[in-house]
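Working notes for the structure below.
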Amino acid sequence: MSNQASESTQDCIHSEIWDEDAQEGNPFRADRCYCRGYDVFGDLLPNASYIAYLFLLFRREKPTPQQASIMEALMIALANPGPRDPSVHAAMCAGVGGSPAAAALVAALSVGAGSYGGAREIRLALERWAACGKDIEAWRPTVLPPAKPERSVVWPDIEHAPGFDPYASVSSTMVNQLLHRLASLQPGGCAEWLLESRQALEAAAGLPLSICGVVAAGFTDLGFSPAEGEMLALLFRLPGAAAHAIEQVDVGFRKFPFFAIDVENDPLKPRKT
Amino acid sequence: MNKQINLNDYLGVFKTKAGACFPGDRAIFRGKELHKDFYHADWMELFVFGITQKRLSARQVKILHALWVYTSYPDARLWNNRVAALAGTARSSGALGISAAIAVSEATIYGWQAAYEAADFLERAKALQDKGKLLADVIKEELAVRPRIRGWGRPVGALQEDERIPVMLKRMEEEGEPQGEYLRLAFAIEKELSAMSSRPLLTTFATVFMAVSLDVGMSAREAYLFLLPCFLAGMPPCYQEACEKPEGATFVLPCSQLKYSGPARRNWSG
């Protein structure tokens, strides 16, 4: 194979989302850019909301007012899981140690990607919505405690039914508030069905609904695929991680938990007889 | 609520068997004194011990090093390496660029997701063979539930043997390391799969990598963790070269190389 660079269509980026007009005389600088056909700086900047623009990036059309409201509710719900959450905790580890700003967000994304309260849990819940829809009988086997899978993947095996809280007996007030809000925004939608079916589902799961489960219903109402919902769940959790990381820079490491340790296999530790 | 697990049992003092540092005194690594028990250790030996809690022989250390060496390609066009180069051209930091490139290496088409699937299949296939099942039947059953078995059939240069494999096999021979059960199984799967397919489905280097790791006693999950730095050596050169060129001068794309196929120009309020 030749190592000589070649001009070909392979060296082009193909997109249905983005188009650019080059500056006159400068092919490397865009003079105007267009998102799904809309002039971003000439039209969206004065006329569109940020949420509408975000929706447009992922979907072909701008959102209806109802869709924008659901999107906004999901963004508020996911914006900050709080400093005890592993992903925000991770971002704070970057902040308190003086790591770059990007490292704080990378830390939050990496930790917030998993199947315990993270974006993978939301993706897995979305896959169940895609497979089961509003069919309670289809849902029942999917919320049982997960069996060890026959085939394993790079992700650790899931330890609880996605969308349910393994460490609670009843849903929190926050979960209920989000579910009621989403159900009210789209009558007849998945969130409303979940509100009506939750008792049966929680009984089948032996666990109460979690924020992830409710968020998955909201993303389904917006028509997002599991892959899109996973990506948005990662994106939406960053504001809280960023704010808490910056906060810890000033709070300082002396006030940040370091935890007492017990090294159970310390070779200098007296062995139990 | 999960009735088997009570979070209160995990509250307070952090209990660990991984290790700890005691500044000014010592460090414990998996129950060993790092600065005494690993005083002469090769880093690879320590890395594998951290994952498996087993110490390798000097010959195994050489073989595992070779796996990493032969797959270190500083080709900045490769998607993972390109991330390191793009970080360089955008004047991001080395740690951010290279850690992102490593994360991107966990790819389905060429990277660690494919390698992990191959190792998982090797483990399951060997277990079934040990129970007396024919390999052809094992493969047929696998293909009944998934369209393809990742780890056989390279996405690029699919009709040619992966250039790293003969080098690795030669090195193993020179070191006196025989081909283990998993490696021989990988090549046996290649033969069976190719016979079932209209084209050769050759063993990828990722599969050889995982098979050799399984043959030194790792599980698929352990082999996956061992695999993570395997592309690392190729990444800093990509980052450095992009930093040496003017900012923004690596993988230059003029506006004309953006091919748009979405909706026609329109007005938001229209």
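The values are calculated or read from the model by the stated rules, or taken from the named source; none is laboratory data. Computed from a predicted structure; not experimentally measured. Cβ placement follows ideal geometry from the backbone for every residue including glycine, while neighbour counts extend to all protein chains displayed.
Is it the case, given these coordinates, that A:Leu195 is at pLDDT 95 or above, surrounded by fewer than 20 Cβ atoms within 10 Å (Cβ to Cβ) and assigned to a helix (DSSP H, G or I)? Yes; evaluated as a whole, the condition is true for this residue. Condition check for A:Leu207 on (1) in a helix (DSSP H, G or I); (2) touching a strand residue (DSSP E or B) at 6+ places or on another chain (Cβ under 8 Å): one failure, at (1). Checked against (1) part of a helix (DSSP H, G or I); (2) out of contact with any Phe, Trp or Tyr (no Cβ under 6 Å at 6 or more places or on another chain); (3) touching a residue at least 12 places away in the same chain (Cβ under 8 Å), B:Gly97 meets all criteria but (2).
From the list A:Leu44, A:Leu54, which residue is facing another protein chain (nearest Cβ under 10 Å) and in a helix (DSSP H, G or I)? Exactly one residue qualifies, and that residue is A:Leu44.
Inclusion of B:Pro155 among residues that are surrounded by fewer than 17 Cβ atoms within 10 Å (Cβ to Cβ) and assigned to a loop (DSSP other than H, G, I, E, B) is warranted. Every test in (1) on the phi < 0 side of the Ramachandran plot; (2) away from chain A (no Cβ under 11 Å) is passed by B:Gly24 save one, and that test is (1).
None of B:Lys133, B:Lys170 is loosely packed, with under 14 Cβ neighbours inside 10 Å, among the charged types (D, E, K, R), at pLDDT 95 or above and in a loop (DSSP other than H, G, I, E, B) except B:Lys133. Here the stretch A:109-157 is the region considered, the condition is being touching a residue at least 60 places away in the same chain (Cβ under 8 Å) and among the β-branched types (Val, Ile, Thr), and the residue that is surrounded by the most Cβ atoms within 10 Å (Cβ to Cβ) is A:Ile122. Considering the stretch A:61-95, and only residues there that are outside any helix (DSSP H, G or I) and within 14 Å of the chain's Cα centre (by Cα), the residue that is nearest to B:Pro263 (Cα to Cα) turns out to be A:Asn80.
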